[in-house]
Amino acid sequence: MRGVVFDGTRAQVVDDLEIREPGPGEVLVAIAAAGLCHSDLSVVDGTIPFPSPVVLGHEGAGIVEAVGPGVGHVAPGDHVCLSTLANCGTCADCDRGRPTMCRRAIGRPGRPFSRGGTPVFQFAANSAFAERTVVKAVQAVRIPADIPFASAALIGCAVLTGVGAVLNRAGTGRGETVVVIGAGGIGLNVVQGARIAGASAIVAVDANPAKEAMARRFGATDFLTSAGAVRDVLPTGADHVFECVGSPALVRQAIDLLDRRGQAVLLGMTPPTAEAAFLPASLFLDKSVLGCRYGSSRPQHDIALYAELYRRGELLLDELVTETYPVEDFAKAADDAHHGRVARGVLTF
């Protein structure tokens with residue numbers, strides 16, 4: 001079968017992938033669409049260290065083909081959105097409703113794929129850039145069949161991360177003020193998360209002025225090409241600042257833009273050894289810096305919620321899909337994403 005494999009040097013589309021059958025507590029899914037996220041590109045450029053060879057992709061949707069023993073919540077023929085969170089469901093963190101903190105879901109890549117008899121790793125417990133993938137049952141969330149696959153795929157990462165960061169991690173309240181640094185796929189979902197939360201001001205910041213129209217469509221009340229102008233809009237600073245780029249310099253700016261009791265939420269992926277500097281004294285007025293993994297989400301709950309918000313017209317998904325590409329055009333999709341030509345490109349099978 002076809003898939004996108006990174007061999008440690010380059011990523012390419014291959015047609016000789018094999019995948020094993022689902023075991024106990026697993027689901028085999030035929031992928032229909034998969035969003036191309038910058039995290040996939042970060043594996044290729046080394047920002048995210050990952051063993052190779054590996055099948056890329058982690059933001060997908062498709063149809064259940066088979067289930068292993070013990071799986072009852074989905075069945076063959078169901079439409080599902082895939083989560084990257086292969087949490088165990090039984091540890092103390094899972095039991096407390098914090099599946100993103102499950103230690104068994106972090107840094108334990110499996111190898112359900114093979115090429116010519118050689119095992120191939122699975123990225124983010126998902127590998128959606130393949131015609132079929134095997135995931136843990138907890139990762140497959142049933143969705144209504146009337147949601148287009150290209151739109152549904154984006155729920156599994158960009159939406160869970162961006163909207164979840166606003167609603168779950170920051171707990172943004174009605175009437176509060178928000179600054180979003182970076183108006184890419186994650187940033188746009190932070191913007192619409194802030195709109196859904198009822199923020200009174202949502203300032204999107206991106207160096208690319210061409211992103212203004214999309215940011216305003218998703219709910220931005222203001223658009224700036226430099227974070228240095230934020231104080232002209234919010235003189236006392238913001239209640240919440242979300243850094244969605246992964247730049248140490250922008251982390252410092254996010255902290256400097258906070259109002260009293262404000263929160264800086266870090267979403268952008270920096271290299272593992274990158275360091276950010278800030279003035280500790282700048283936090284004394286009850287300000288805080290928050291990390292956020294995967295929108296602090298509960299995928300089985302949140303994906304179903306976001307699917308319903310989409311059906312009600314409150315959550316934008318179709319608008320996120322700038323362009324779709326057959327999987328064979330992965331190189332073009334990656335180049336478009338790298339140069340910021342798309343909000344989200346989606347590979348189709």
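Which of the aspartates and glutamates could a cross-linker bridge to LYS211, judged by Cα under 19 Å and excluding same-chain residues fewer than eight apart?
ASP222, GLU243, ASP318, GLU319, GLU323, ASP335, ASP336
Based on the Cβ-Cβ distance from HIS338 to THR273, what FRET efficiency comes out when R0 is 22 Å, to the nearest 0.05? Mind dumping the intermediate values first?
Values: r = 22 Å, r/R0 = 1.00.
E between HIS338 and THR273, to the nearest 0.05, is 0.50.
For the chain, what does the relative contact order come out to in percent, with C-alpha contacts under 8 Å and a separation of six or more?
19
Return the calculated 222 nm mean residue ellipticity for the chain, to the nearest 500 deg cm²/dmol, obtained by summing -39500 (n - 2.57) across DSSP H runs with n ≥ 4 and dividing by the residue count.
Numbers: 10 runs with 77 residues, N = 349.
Counting only the DSSP helices, I get -6000 deg cm²/dmol.
Computing the accessible area with a 1.4 Å probe over protein heavy atoms, can you report the carbon and sulfur percentage for the chain? Numbers along the way, then the final one.
Values: 7220 of 14300 Å².
Of all accessible area on the chain, carbon and sulfur atoms account for 50 percent.
Work out from phi, with θ = phi - 60° and the Karplus expression 6.51 cos²θ - 1.76 cosθ + 1.60, the ³J(HN,Hα) of each residue of the range 322-336, listed in order in whole Hz, and give x for Gly and Pro.
Each residue's phi maps through the Karplus curve to give 6, 7, 10, 9, x, 4, 4, 9, 4, 4, 5, 4, 5, 5, 4 Hz.
So, by mean Cβ neighbours within 10 angstrom, what's the order for 176-187, 310-321 with the highest one leading?
Details: 176-187: 26.8, 310-321: 16.7.
Most protected by this proxy first, the peptides run 176-187, 310-321.
Where nothing but the Cβ of Lys and Arg (+1) and of Asp and Glu (-1) is charged, how large is the charge dipole of the range 140-263 around its Cα centre, in debye to the nearest 20?
On the way: 11 positive and 10 negative charges, 45 e Å.
For this selection, approximately 220 debye.
Once fully extended, how much extra length lies between ARG108 and ARG174, figured as 0.36 nm per residue of separation less the alpha-carbon to alpha-carbon distance?
On the way: separation 66, 0.36 × 66 = 23.76 nm, distance 3.88 nm.
Between ARG108 and ARG174, full extension yields 19.9 nm more.
Over the chain, with the other protein chains present, what is the accessible area per residue in square angstrom, probe 1.4 angstrom?
Working: 14300 Å² over 349 residues.
Per residue, the chain has 41 Å² of solvent-accessible surface.
For the charge dipole of the range 14-138, defined by +1 on Lys and Arg C-beta atoms and -1 on Asp and Glu C-beta atoms about the Cα centroid, which residue among LEU41, THR118, GLY23 has the Cα displaced farthest towards the positive pole?
GLY23
Multiplying the sequence separation of CYS88 and GLU18 by 0.36 nm and subtracting their Cα-Cα distance, what value in nm do you get?
Values: separation 70, 0.36 × 70 = 25.20 nm, distance 2.57 nm.
Here the segment from CYS88 to GLU18 would lengthen by 22.6 nm.
If R0 is 30 Å, what FRET efficiency do you get for SER282 and ARG98 from their C-beta distance, rounded to 0.05?
Details: r = 29 Å, r/R0 = 0.96.
Using R0 = 30 Å, I get an efficiency of 0.55.
Would you mind computing, in nm to one decimal, how far apart the modelled labels at ARG311 and ALA66 are, each placed 7 Å from Cα along Cα→Cβ?
The answer from the label model is 3.0 nm.
Helix 185-197 versus the longest principal axis of the chain: what angle, 0 to 90°, nearest 10, using Cα atoms?
60
Could you give the length gained on full extension between THR9 and ALA75, defined as 0.36 nm per residue of separation minus the Cα-Cα distance, in nm?
Working: separation 66, 0.36 × 66 = 23.76 nm, distance 3.80 nm.
Residue separation times 0.36 nm, minus the Cα-Cα distance, leaves 20.0 nm.
Given the chain reduced to its alpha-carbon atoms as identical point scatterers, what log10 I(q)/I(0) does the Debye formula return at q = 0.06, 0.12, 0.15 Å⁻¹?
These q points yield log10 I(q)/I(0) values of -0.20, -0.82, -1.26.
Which order do the peptides 147-155, 232-240 take when ranked by the mean count of other beta-carbon atoms within 10 Å per residue, highest first?
On the way: 147-155: 25.3, 232-240: 17.7.
For the peptides 147-155, 232-240, the packing ranking is 147-155, 232-240.
By per-residue mean of other Cβ atoms within 10 Å, what is the highest-first order of 55-67, 197-209?
Working: 55-67: 24.4, 197-209: 20.2.
So the order, starting with the most tightly packed, is 55-67, 197-209.
P(r) tail for the range 1-59, what percent of Cα pairs lie past 15 Å? Walk me through the intermediate numbers first.
Working: 945 of 1711 pairs.
Result for the distance tail: 55 percent.
The values are calculated or read from the model by the stated rules, or taken from the named source; none is laboratory data. Predicted model, so just to flag it, every value in this text is computed and none were measured. Every residue, glycine among them, receives a Cβ derived from its backbone with ideal geometry; neighbour counts consider all protein chains shown. Side chains included, ligands, DNA and RNA excluded: accessible areas come from the protein's heavy atoms. Shrake-Rupley method; radii C 1.70, N 1.55, O 1.52, S 1.80 Å.
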